[in-house]
Amino acid sequence: MLTVAEETFKELAAKKGKKVVTHLYGQEINPETFAICKADMLLKGEGENAEHVVGGAEWSTLSHDAFPAMVFDFELSNPPYGKSWKKDLEAMGGKDGMRDPRFKVTHQGEELNLVTRSSDGQLLFLANMVSKMNSKTKLGSRIAEVHNGSSLFTGDAGQGESNIRRWIIENDWLEAIIALPLNMFYNTGIATYIWVLSNKKTKPRRGKVQLIDATQWFKPLRKNLGKKNCELAPEDIQRICDTFMAFEETEQSKIFANEAFGYRKVTVERPLRLHSQITTKTIESLRFASGDGDIRIELHDRFGEELFTGFAKIRDDLEKVLNEWGESEEAEVEDEGDDAPAKKGLPEKKKKKLLDGKTWERDGRLVEAATALGKELGNGVFEDYNLFVGMVDDAIKKLNIKLTGPELKFLLRTVSYRVETAPPVIAKVHKAGKAKADPLHGLYANLVGDKKLVIEYEYDPELRDTEQVPLEEEVETFLAREVLPYTPDAWIDASATKIGYEVSFTRHFYQPPQLRTLAQNSADILALEKETDGLLSEITKGVKV
């Protein structure tokens, strides 16, 4: 790639009557490819440039940047597609420990994490190149990098892949993406795309991105080379270059504002609606509220109420039982040597929790409180959770029941269940003047007597949804059109909104197949019927009925 690019660059310069000096630098992890590159340069008399090519099995571009302090005028790359970079990630300190300035950047006052999923790091190669663009010259830098289709859309809003696209597009570095023909490479038939970047765009291109569909511009090979069955002929290359340089809207060239690829991922909440009822069944469910219900039930059958009222007395016996369970469920260890650790059926963490007397004491306290509340309030259905909470508070004070805030909340939710028609659960009440009504963001005006209040409702996690709102559209407009007509009680959580970017070639260039006309279908059916009638006549010829 380097020497061919140099030759092309010199040819272009000669046509313009320019004299240029080129300095080539490269980094390659594959030992064979690295050796071929070195040999190619040496055979062409590029000894000095050959010294600038670094590589080998320990020289990953991601974890061992060979040129950390350098910038370049032109950059080319064909990064690996869908290849794990987990080893590099570990060498760089993991997702939490990584501090590499190439992949942790400050963008518009926000720290943007560009780290992608460990199963595919191809966009990180693009981020690496962007970090080496020269911003001090008049023409700046230009990048051309080949990717597969996943770089266009993988990664949700706020994730590494989406953040890289956002960082590049919002900084107005992306000039164009060119879709290449299928089966261009020897070992794969996947779709590939050339990303073209520049940090000094010409005036007509500023704030815009060009998408070029060159999938039909190719020359078939006379004989396949693996999966490669076509190539870009000189006229195809020229056509792509002419389309790029013309920067005009055509059937194969579409031009968009940068914002067209961005969206807000908006979290839509709906209120929690509950009915409540204190029944024997719900009270009993609190007896094993600390988890591992099946195990606790079995232990309760053995030790009874002492688990809740006299845990210290039976703790040693309980531990003995748990150890016996672990030994009886020990997994077989095969071919791992005499020193291999035993694998217990009962995890140590779970055993530790079961031996914590505070968990049993808490569950017993919840059962006692729920039983007392049931006697005080009865076992009828309370259709307004807000009123039910007030009645429970009064009963707790009257009966002098001692519960912590989290324990009380857990008890209330255990004896309550969702009902669509129930009044929404109130989370917070603001006095007039302390907060402004804003239904779009979950602040609702309410009148209690002659008092004007602003109320926030508690959200229901099971009804939570997300919507992708294009950056070019107001969230309020989108919500009024797409959400509120179907769920009028919905609001958005502005604190959870994230910005994402993706590029969809299919949406802009897909040509649906032309449907057959009714006349064509009718003609085919009639012809088929006529042919069938003839066959039936031959089959039944000579048969007497």
**Study point:** Other-chain or far-sequence residues with amide H under 5 Å of Leu443's (modelled H)
**Key:** Asp438
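By count of other Cβ within 10 Å, fewest leading, how are Tyr81, Tyr457 ordered? Intermediate values should be presented prior to the final figure.
Values: Tyr81 18, Tyr457 21.
In order of increasing Cβ crowding within 10 Å: Tyr81, Tyr457.
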Practice item. For region 4-63, state which GluC sites (Glu not before Pro) are in a DSSP loop and have at most 16 other beta carbons lying within 10 Å of their beta carbon. Key: Glu51, Glu58
Revision key, fill the gap. Treating only Lys and Arg (+1) and Asp and Glu (-1) as charged, each at its beta carbon, one finds that the chain has a dipole about its Cα centre, in Debye to the nearest 20, of 1860
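Would you mind telling me the antiparallel percentage of the DSSP bridges in the chain, rounded to 5? Could the numbers behind the result be given before it?
Numbers: 54 of 67 bridges.
Among the beta bridges of the chain, antiparallel pairing accounts for roughly 80 percent.
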Exercise for review: Amide H neighbours of Gln27 under 5 Å, at least 5 residues apart or on other chains, H built in the peptide plane: list them.
Suggested key: Val54
Revision key, fill the gap. If one compares the long axis through the Cα atoms of helix 518-540 with the longest principal axis of the Cα atoms of the chain, the angle in degrees, nearest 10, works out at 90
Review point. Could you give the angle, 0 to 90 degrees to the nearest 10, between helix 405-414's Cα long axis and the longest principal axis of the Cα atoms of the chain?
Key: 90
Exercise for review: Would you work out which of Leu412, Gly55, Gly82 lies farthest towards the positive end of the dipole of the chain? Charges go on Cβ: Lys and Arg +1, Asp and Glu -1.
Suggested key: Gly55
**Study point:** Restricting region 479-538 to chymotrypsin sites (Phe, Trp or Tyr not before Pro) in coil, as DSSP defines it, with at most 14 other Cβ within 10 Å
**Key:** Tyr486, Tyr510
Practice item. Figure the gain on full extension for Glu324 and Gln468 (residue separation times 0.36 nm, minus the Cα-Cα span) and round it to one decimal in nm. Key: 46.5 nm
Review point. Could you give the length gained on full extension between Ala527 and Tyr186, defined as 0.36 nm per residue of separation minus the Cα-Cα distance, in nm?
Key: 118.2 nm
Review point. Which ordering of Ile143, Ile194 is given by a fewest-first count of other beta-carbon atoms within 10 Å?
Key: Ile194, Ile143
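Please quote Rg/Rh for region 405-464 to two decimal places, taking the Kirkwood radius as Rh and restricting both calculations to Cα atoms. Provide the component values of the computation, followed by the final result.
Details: Rg = 13.7 Å, Rh = 13.3 Å.
Here Rg/Rh amounts to 1.03.
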Study note, to complete from the structure: Taking a label point 7 Å from the Cα of Glu110 along Cα-to-Cβ, the residues of region 119-159 whose backbone nitrogen sits under 17 Å from it are 155-159
Review point. For region 141-155, in order, what is each residue's ³J(HN,Hα) by Karplus, 6.51 cos²θ - 1.76 cosθ + 1.60 with θ = phi - 60°, in whole Hz (x at glycine and Pro)?
Key: 10, 10, 10, 10, 9, 8, 10, 8, x, 5, 5, 6, 9, 5, x
**Study point:** J(HN,Hα) series, region 238-243, from Karplus relation 6.51 cos²θ - 1.76 cosθ + 1.60, nearest Hz, glycine and proline x
**Key:** 5, 5, 4, 4, 5, 5
Check your understanding: Once the dipole of region 1-134 is set up with Lys and Arg at +1 and Asp and Glu at -1 on Cβ about the Cα centre, which of Ser118, Ala5, Phe34 lies farthest towards its positive end?
Key -> Ala5
Review point. Could you state the per residue volume, in Å³, of the convex hull enclosing the Cα atoms of region 233-330?
Key: 340
Check your understanding: Between the helical axis of 385-399 and the dominant principal axis of the chain, each derived from Cα atoms, what acute angle in degrees is found, rounded to the nearest 10?
Key -> 40
Exercise for review: Consider just the alpha-carbon atoms of the chain and return their Rg together with their Dmax, both in angstrom.
Suggested key: 34.6, 103
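Once you've got the Cα coordinates, tell me which of Lys87/Lys228; Lys428/Lys452; Lys201/Lys254; Lys431/Lys451; Lys320/Lys351 are over 20 Å apart.
Numbers: Lys87/Lys228 31 Å; Lys428/Lys452 14 Å; Lys201/Lys254 17 Å; Lys431/Lys451 8 Å; Lys320/Lys351 11 Å.
Too far apart for the 20 Å limit: Lys87/Lys228.
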**Study point:** FRET E, pair Glu259, Ala480, Förster distance 22 Å, beta-carbon r, rounded to 0.05
**Key:** 0.60
Practice item. Express in % the proportion of alpha carbon pairs of region 184-257 at distances exceeding 16 Å. Key: 57
**Study point:** All-pairs alpha carbon distance profile, region 1-59, 5 Å steps from 0, percent
**Key:** 4, 19, 27, 21, 14, 8, 5, 2, 0
Study note, to complete from the structure: In whole Hz, the Karplus estimates of ³J(HN,Hα) for region 27-38 (6.51, -1.76, 1.60; θ = phi - 60°; x where Gly or Pro) are 9, 8, 7, 6, x, 5, 5, 4, 5, 4, 4, 4
Practice item. For region 124-183, state which trypsin sites (Lys or Arg not before Pro) are in a DSSP loop and have at most 11 other beta carbons lying within 10 Å of their beta carbon. Key: Lys136, Lys138
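When averaged across all projection directions, what area in nm² does the alpha-carbon convex hull of region 67-187 cover?
On the way: hull surface 34.2 nm².
Taking the Cα atoms of region 67-187, their convex hull projects to 8.5 nm² on average.
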Review point. Rg(Cα) of region 363-440 divided by 2.2 N^0.38 Å?
Key: 1.29
Check your understanding: With each label point set 7 Å from Cα along the Cα-Cβ vector, what nm distance links Arg516 and Leu399?
Key -> 7.5
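Just so you know, all these numbers are worked out from the coordinates, no wet-lab data involved. Computed from a predicted model, the values in this text were never measured in an experiment. Don't worry about glycine lacking a Cβ; one is built from the backbone with ideal geometry, like all the others, and counts go over all protein chains shown.
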